[in-house]
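**Q** Following this message is one structure expressed as structure tokens.
The values are calculated or read from the model by the stated rules, or taken from the named source; none is laboratory data. The structure presented is a predicted model; accordingly, all values stated were derived computationally and were not measured. Every residue, glycine as well, gets a Cβ built from its backbone with ideal geometry; the counts of neighbours run over all protein chains shown. With ligands, DNA and RNA removed, areas are computed over all heavy atoms of the protein, side chains included. Shrake-Rupley method; radii C 1.70, N 1.55, O 1.52, S 1.80 Å.
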Amino acid sequence: MDYAFAPQPPVGVAVLGTRARYPVRRVYCVGRNYAAHAREMGSDPDREPPFFFCKPGDAVVPVDAGAVLELPYPTQTAELHHEVELVVAIGRGGRDIVAGDALDHVFGYGVGLDMTRRDLQQTMRKAGRPWEIGKAFDASAPLGPLQRSAPDARATIELAVNGQRRQSGSLDQLIWSVPETIAHLSRYFELQPGDLIFTGTPEGVGAVVPGDLIEARIDGLGELGVRIAAR
């Protein structure tokens with residue numbers, strides 16, 4: 001096939017213990033999947049089924065083990081927020097996946113950040129408009145190396161800024177579990193190898209400014225380091 005210009009190669013995320021890179025296709029994100037975070041965002045988690053939004057695949061910025069990513073502060077915002085999340089990488093596609101079979105479709109797991117231009121998101125939400133402008137911007141999804149084995153169901157997920165802990169929870173606090181999330185998402189989209197699912201963030205989200213060091217971790221999956229740089 002002749003293209004008008006050379007297509008961009010997919011983003012490749014490191015896979016621990018191998019020289020391979022996981023090629024990113026799509027990025028799905030689950031909104032408000034921890035009860036306490038849902039409440040801090042003004043929602044009632046007991047009445048809301050899971051909902052999803054997307055980021056472009058090239059919003060993912062791989063961060064290799066032991067490295068600290070220099071992440072430029074994005075334009076058009078004065079309120080950049082951090083959200084630490086368990087990320088699930090799909091290795092086998094399918095649609096209408098049964099929850100009991102969902103983990104058979106998983107390639108691996110990682111620690112990710114759903115960076116958010118909160119002021120833009122809230123402005124769009126109040127106006128009843130889509131809020132991708134607050135979520136789907138360049139470099140909005142830093143992601144550490146993928147690990148093939150799953151973390152413990154009660155693993156701690158936490159984030160610190162400049163050494164001060166801001167977010168802390170455990171994976172068993174997810175409103176919709178990983179299998180349930182995969183099953184629900186696959187009713188609306190045919191999942192494919194290369195798809196990433198950001199599964200939601202615990203309470204404690206907050207703003208960062210240039211110079212801040214973000215350290216995110218999930219027990220069993222390692223750490224992710226990001227330093228906010230100037231625009």
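**Q** Quick check on my filter: what residues within region 205-225 are touching a helix residue (DSSP H, G or I) at 6+ places or on another chain (Cβ under 9 Å), open to solvent by 20 Å² or more (accessible area, probe 1.4 Å) and within 17 Å of Tyr109 (Cβ to Cβ)?
**A** Asp219
**Q** Out of (1) farther than 15 Å from Pro56 by Cβ; (2) open to solvent by less than 30 Å² (accessible area, probe 1.4 Å), the odd one out for Ala136 is which?
**A** Only one criterion is unmet by Ala136, namely (1).
**Q** Looking at Pro202, Pro193, can you tell me which residue is surrounded by fewer than 17 Cβ atoms within 10 Å (Cβ to Cβ) and either in contact with a strand residue (DSSP E or B) (Cβ under 8 Å, 6 or more places away or on another chain) or more than 26 Å from Tyr22 (Cβ to Cβ) (or both)?
**A** On inspection, the qualifying residue turns out to be Pro193.
**Q** Something else: Checking Ala65 against (1) surrounded by 15 or more Cβ atoms within 10 Å (Cβ to Cβ); (2) at pLDDT below 95; (3) among the hydrophobic types (A, V, I, L, M, F, W, C), which test does it fail?
**A** (1)
**Q** Among the residues of region 94-144, count how many are more than 28 Å from Glu223 (Cα to Cα) and not β-branched (Val, Ile, Thr). Steps first, please.
**A** Initial filter on region 94-144 (more than 28 Å from Glu223 (Cα to Cα)): 94-101, 120, 122-131.
From the residues that got through so far, the ones that are not β-branched (Val, Ile, Thr) too are 94-96, 99-101, 120, 122, 124-131.
Of the residues in that region, 16 qualify.
**Q** Report yes if Arg217 is closer than 30 Å to Val98 by Cα and part of a strand (DSSP E or B), otherwise no. First the steps, then the outcome.
**A** On the way: closer than 30 Å to Val98 by Cα: yes; part of a strand (DSSP E or B): yes.
When the stated conditions are applied, Arg217 passes them.
**Q** Tell me the residue from Asp138, Asp96, Asp152, Asp104 that is in contact with an Asp or Glu (Cβ under 7 Å, 6 or more places away or on another chain) and among the acidic types (Asp, Glu), please.
**A** Details: Asp138 fails: in contact with an Asp or Glu (Cβ under 7 Å, 6 or more places away or on another chain); Asp96 fails: in contact with an Asp or Glu (Cβ under 7 Å, 6 or more places away or on another chain); Asp104 fails: in contact with an Asp or Glu (Cβ under 7 Å, 6 or more places away or on another chain).
On inspection, the qualifying residue turns out to be Asp152.
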